[in-house]
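Here's the structure we're looking at; comments come further down.
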Amino acid sequence: MSVADAGRSAPFPELTLRIADTLARLQRARDVAVGCSEKRAVWKCGKTTLYHYLPLAATRRVPRDTRPLLICFALVNRPYVLDLQPDRSLVRRLLEAGLSVYLIDWGDPDDADRYVDLEEYIERHLGGSVRYILGSHGSEALDLLGVCQGGVLSLCYSALHPGEVRNLVTLTTPVDFHTPDNLLSKWVRGLDTALIAASGNVPGEMLNGLFLALMPLRLAQQKYVRLLTSNPDQRTVEDFVRMEKWIFDSPPQAAAALAEFVRWFYQENRLVHGTLELAGRRVRLGDVRSPLLNLYALEDHIVPPAAAAALGHYVGSRDYSECAVATGHIGMYVSRAAGAEVPRRITAWLAAHR
Amino acid sequence: METPTSGSGFRPDAAISEAAGRFFELLKTFGTAASGATPEWSALAAPLATQFEQWLRVSQSAGPWFAAAAGVPGAGTAGAACAASTAAGLGFPPAGWPFASLPLGVTGASSGETRALELFARLGQLQAQLAAHWTEVANTAAQRFVARVGGTAAAPGSVDQALKLYELWVNCAEEAYAATVHRSDFARLQADLANTSAALLVEQRRYAETLARAFGLPTRSEIDALSAQLRELRRELTGRGDAPTAPQAPRAERRAPSAAGTAGTRGTRGAKPPRPKGASRASRAAGRGARVRRPPR
C-alpha cells in the first residue's frame, strides 16, 4: 500500500497533506552532504587513516606547539558524525577553541582484514597514530578523546602507555558491560565467538539491525512518524536525513576484532575484572592515571549510564570528573542541547588541564 | 522477506513510506473503534495485536542475525524461504536451497548437505520459538493499550488527539517488547539464532570450498594460510627490529584517502606533518614510522 493510497482513505485529511509535504521535502533532501570541516590525511595503516583537521580561518594563528587532541572513534560506526554539519560538529567546536584536532577513521575492513584483531587496532593503528602525532608535534604526550567503543580502545591504550596520554576524555564509553539494563550485552552473552570469527567479517547492516532491534518501534517507525507529522521545515528535514545517512552507513567489522570485543568485554567483562591482556601485558584500569573526564548520556539505550559511570570506580586517575547529560546515545554527538554542552565541557576541562 | 531496514542497505524512502503507511493503518483502526457514540476500545485489542505481530514477524523475522548470511549467494533466499516455510508449516529444504544441485562427490555432498539440513531445521525451530514470543509481545501490548486508553479517551477528534493515541500505543508496545526481550530465555534464543546462522554460513562456505577445490580454484583456506604466514613474518621482523612498528607515513600522504560520504575533505597531496619542534630523535623517527625504542617499564 502506498502512502498516497493509505492517506486517501485515512481520517484527518490535513494530516495526509502534512505528510505529503514532508515527503516532498525529504525527496529534495536526498543528496544532502555530510561532513563540513577541512581535513587532510596524514598517516595510514592498513585501512585506518589518521586525519588532521585544518585550523578554522578565525583561529589560524594557533601556536604550532599546541598540544594535540586525538579523537578515537568506535569501530562500528563512521566518525563523520562528529563533524556532520557546521552547527552540529564537535570537531568544529574543538577547532574554535584553538585545539589541534586529529581523528582516526578505521575505514572499511575487507576480507584481507578479517584477522585484524584488537591488539593490532590498539597497538598498531591507534598506537601508530599516537606516535605519529607525538613525533610531528615534538610532544611527549597528547590529549585523547575516546568515543563509545573508541573510548574502550582509548582506555586500553592509556593503561598500557600512560606516559603518552596527558589527558583522557571518554564519551559514552562502556566500562561495565554487565549492568542489568544492558540489553545488547544480554543478547550477545551467549554468542559463540569462535563461530563469529570463523564466519568472516560482519556486515554493517547486521549491526544496524541489531541496534534497531533494541527498540524497534521507536527506531524504525515512531521516529519517522514524528518527523512526518511535525510540519518540519526544509532545514530540519535535511538535518534528519544527514543523521539517517550516518546511522545506516556502518562499516563492516573485521571478524577477529569483533569476536574479541564481544568475548572480552560483553561476555567476560574483562575491563572491570582486570583480566584483559594485550600484547602480552595486563590491561588494568588502575594504570590509567591521567586526568580523566567521563561524559555519558542518561537516556542511552546502547551504553546505559551505569555502564559508563562505572569507570569512576576502577580508574586510577586521582583527577577524575564525570558528567551525565540528559540525552540519548546519538544525541550526545548531534542534539541541539548536547551539541552545545558537550563541546563546552570538553574544551573547558582541557583548558583547565593545560 | 526484507524490510527497508534489513538486508543489504538501508532505503530511507522506503522506510519512511512504510512507517507512514502503517501509521495510517493504525489511525484507521483507532477510527473504527471510535466510530460509535461511545468508543469501543476493547474491540481494538485483536486488530492491534494482529498488526503488531505481523510487523514484528516481518521486521524481526530472524532477529537481526540472519542478515549475516544474506551476503552469500543463496543464503538470503534460503533464509527467507526457511522463515516462510516455517511460518507456513512447510518442510525443508526450502526453495532456493543451494546444496541440492551442486555436482559434488557422493561422500562430500551427503555429509555437507546433512549438516546444512540439520542447521536449517534447527533454524526453523528457532524461528517458530521467536514467532511465539512475537505473539506474546503483540497481545500484551494490545491489552496494555486498551487498559490505558479505555478509561480516559474519547474518540480522537483532532490530529493532536490522534497523535497522542499513537504515542500511547508506541509506549505500550515498547514496554511489552522490553519486558520480553530482556528475559534470559529470549536472550538465549537470540544467541541460538545467531550461532545457528553463523554455523550455516560456515557450512555453506565449506561446501563452496569443496567445489572450488574440485575446479582447481584458490580457496579461502589457502588465502587464510598465506595471510597467517605474512602476519607471522611481520611479527618476526618486528621482533628483530628489521621492520617498523608503525607503517610509513609519506606514502599515505601522497595518496588521496577514501572519503566516501564526507565533504570538506582535502586531498593528501603535500600533506606534511608539522615540523617537530624540539622533538627527540626517537619521536621524530616515530613520526616517520620508524621503530620507537622505549625504556623498559
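The values are calculated or read from the model by the stated rules, or taken from the named source; none is laboratory data. This one's a predicted model, so the numbers in the text were calculated from it and none came from an experiment. Ideal geometry is used to build each Cβ from the backbone, glycine not excepted, and the neighbour counts take in all protein chains shown.
Does A:Val169 satisfy being crowded, with 22+ Cβ neighbours inside 10 Å and within 22 Å of A:Tyr333 (Cβ to Cβ)?
Yes, satisfied.
How many residues are more than 12 Å from A:Leu69 (Cα to Cα) and surrounded by fewer than 24 Cβ atoms within 10 Å (Cβ to Cβ) if we restrict to the stretch A:139-155?
Looking only at that region, the number is 2.
Answer yes or no: is there a residue in the stretch B:151-161 that is in a helix (DSSP H, G or I), within 10 Å of chain A (Cβ to nearest Cβ) and surrounded by 15 or more Cβ atoms within 10 Å (Cβ to Cβ).
For the stretch B:151-161, residues in a helix (DSSP H, G or I), within 10 Å of chain A (Cβ to nearest Cβ) and surrounded by 15 or more Cβ atoms within 10 Å (Cβ to Cβ): present.
Can you work out which of the residues in the stretch A:82-101 that are of a type in the set (Gly, Ala, Ser) and within 22 Å of A:Tyr132 (Cα to Cα) is surrounded by the fewest Cβ atoms within 10 Å (Cβ to Cβ)?
Going through the qualifying residues, I end up with A:Gly98.
Quick one: A:Val152 ticks every box in (1) at the interface with chain B (Cβ under 10 Å from one of its Cβ atoms); (2) β-branched (Val, Ile, Thr); (3) farther than 17 Å from B:Ala15 by Cβ except a single one, so which number is it?
Of the numbered conditions (1) at the interface with chain B (Cβ under 10 Å from one of its Cβ atoms); (2) β-branched (Val, Ile, Thr); (3) farther than 17 Å from B:Ala15 by Cβ, the odd one out for A:Val152 is (1).
Among the residues of the stretch A:119-128, write down those that are within 17 Å of the chain's Cα centre (by Cα) and surrounded by fewer than 24 Cβ atoms within 10 Å (Cβ to Cβ).
A:Ile122 - this is the single residue of the stretch A:119-128 that is within 17 Å of the chain's Cα centre (by Cα) and surrounded by fewer than 24 Cβ atoms within 10 Å (Cβ to Cβ).
Which residue out of A:Arg40, A:Arg131, A:Arg114 is charged (D, E, K, R), surrounded by 22 or more Cβ atoms within 10 Å (Cβ to Cβ) and at pLDDT 95 or above?
Among A:Arg40, A:Arg131, A:Arg114, only A:Arg131 is charged (D, E, K, R), surrounded by 22 or more Cβ atoms within 10 Å (Cβ to Cβ) and at pLDDT 95 or above.
Yes/no per residue for (1) in contact with a Lys or Arg (Cβ under 6 Å, 6 or more places away or on another chain); (2) at the interface with chain A (Cβ under 8 Å from one of its Cβ atoms); (3) in a helix (DSSP H, G or I); (4) at pLDDT below 85:
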| position | (1), (2), (3), (4) |
| --- | --- |
| B:Phe10 | no, yes, no, yes |
| B:Ala15 | no, yes, yes, yes |
| B:Ala19 | no, yes, yes, no |
| B:Leu26 | no, no, yes, no |
| B:Gly31 | no, yes, yes, yes |
| B:Ala45 | no, no, yes, no |
| B:Ala49 | no, no, yes, no |
| B:Gln54 | no, no, yes, no |
| B:Arg57 | no, no, yes, no |
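What are the residues in the stretch A:162-200 that are in a loop (DSSP other than H, G, I, E, B), farther than 18 Å from A:Glu299 by Cβ and either within 9 Å of another protein chain (Cβ to nearest Cβ) or of a type in the set (Gly, Ala, Ser) (or both), if any?
A:Arg189, A:Gly190, A:Leu191, A:Asp192, A:Ser199, A:Gly200
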